[in-house]
Every structure is written in C-alpha cells, then in structure tokens.
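Chemist: Here you go, one structure.
The values are calculated or read from the model by the stated rules, or taken from the named source; none is laboratory data. Just so it is clear, the model here is predicted, and its values are computed rather than measured. Every residue, glycine among them, receives a Cβ derived from its backbone with ideal geometry; neighbour counts consider all protein chains shown.
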C-alpha cells in the first residue's frame, strides 16, 4: 500500500514539474522570443499596421472604415460624406447584435453574409447600392452609367473588412470628390494614380487603392478636417 502511494506521489510530482517547465518555456519564453523578433524585424505589422496622421493613429491599413456624415435624428444609417473617397460596402457578418449584419466596419468577427447570388435580399442590396453609387457620383455634365459601376462598389468583401477598392471604383469617384472639394479633376486623378498599388510581386492579386491612405492625402491637399 505504501509503495503504491509513493509511486503515485512520484508521478504527481513529475507531472507538476513537467507542467511548470512547459509553462515557462511555452507560456513565457517562447511568446517573449516571438514578440521580440516581431518587434525588431516587423514592428509596423506586429502592432497592427497602424496608420498615423497629424501625430495620431487614425486607423489600420488592413481594416476598412466608413466616411459618413454625423447621424441625424431619426436616421438608422448615416449618409456618406461625399467630399471623401468611399470604401466598398461592409455588409459582413458580426456586430454587436447576435448574428446581425453590420454595415459600418464595426465588426467583432469578420466574414461574408454567405447569401447566394439568387438571394432576393442580396439582389436588393446590390441594386440599391448601384443606384446610390450612380446618384452620388454623377456630377453636372457627367452622369455615371450603370455599366461603369465596378463590382466592388456594390458588394462587400469576403471578410467584410477590406480596406481597398479597385482603381476603377476610385476613378469613378474622382469627379465627385473634385467637385465637392473645389479641386481640379486632374489633380484628384493624379492623387488616385499616386496611391494605386500594383499586384504583389507583379503577379499576385489585383491593383488596389487603400482608401484610408488616399483620404489622408486628400486631407493634406485640401486642409480639411
């Protein structure tokens, strides 16, 4: 009996020692080493790819955000502030409401709505978004044609968090942004061209425009707050 108790005690002691050693290695030393390497070699990425302007953090280059007017009394959804370049829709899953659909990039989890192409709700969302894009971006003497509206202007990304838009969608907004800010169209177009990133390594993905960085440059150009 005493021998059995002694063996059990030794096994428990060995297990506790193993737990302590593995906790120190895996729970303390390894995370510290990984964090140290990340901070030394990939400081910006390790800290969330933060974007700063005027000495403060204004967002992340990896997460999209809205550019809306203040919410008016009685409104459930704010209207877009048309002096800024607008992102793609953010109809992704995840919000402060369980299983809700969030349209403001204020997501606790990311993911697509998984609505099929034949879903009536999705079809209505796309039609409404296209009508809004045409209305908002048509300027005197230049009406947007429905065929000019790219897919990313009326659909959200798979994550619902995409910070980029296509060059085609950015180009479509140029005249409206120029008119709203009393700038020459050529100057705004040059701003878009300067902030258009090509394919990664020349062949991965598609050309894209980071909306946050583009709007920061627009703010610097106009001096708007």
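Chemist: Filter segment 59-80 down to the residues that are in contact with a strand residue (DSSP E or B) (Cβ under 6 Å, 6 or more places away or on another chain) and under 19 Å from residue 170 (Cβ atoms) and list them by number.
Modeler: 59, 61, 65, 68, 80
Listed here are the residues, each with its yes/no results for (1) touching a strand residue (DSSP E or B) at 6+ places or on another chain (Cβ under 7 Å); (2) closer than 20 Å to residue 84 by Cα.
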site: 111; (1), (2): yes, no
site: 116; (1), (2): no, no
site: 125; (1), (2): no, no
site: 129; (1), (2): no, yes
site: 143; (1), (2): no, yes
site: 163; (1), (2): yes, yes
site: 167; (1), (2): yes, yes
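Chemist: All but one of (1) buried (at least 16 other Cβ atoms within 10 Å of the Cβ); (2) closer than 22 Å to residue 141 by Cα hold for residue 216; which doesn't?
Modeler: In the conditions (1) buried (at least 16 other Cβ atoms within 10 Å of the Cβ); (2) closer than 22 Å to residue 141 by Cα, residue 216 misses (2) alone.
Chemist: I've got another one for you. Go through segment 10-49 and count every residue that is out of contact with any strand residue (DSSP E or B) (no Cβ under 8 Å at 6 or more places or on another chain) and modelled with pLDDT under 85. Give the steps one after another, and end with the answer.
Modeler: First, pick out the residues of segment 10-49 that are out of contact with any strand residue (DSSP E or B) (no Cβ under 8 Å at 6 or more places or on another chain): 10-43, 45-47.
Adding the requirement that they be modelled with pLDDT under 85 leaves 36, 39-43, 45-47.
Count: 9.
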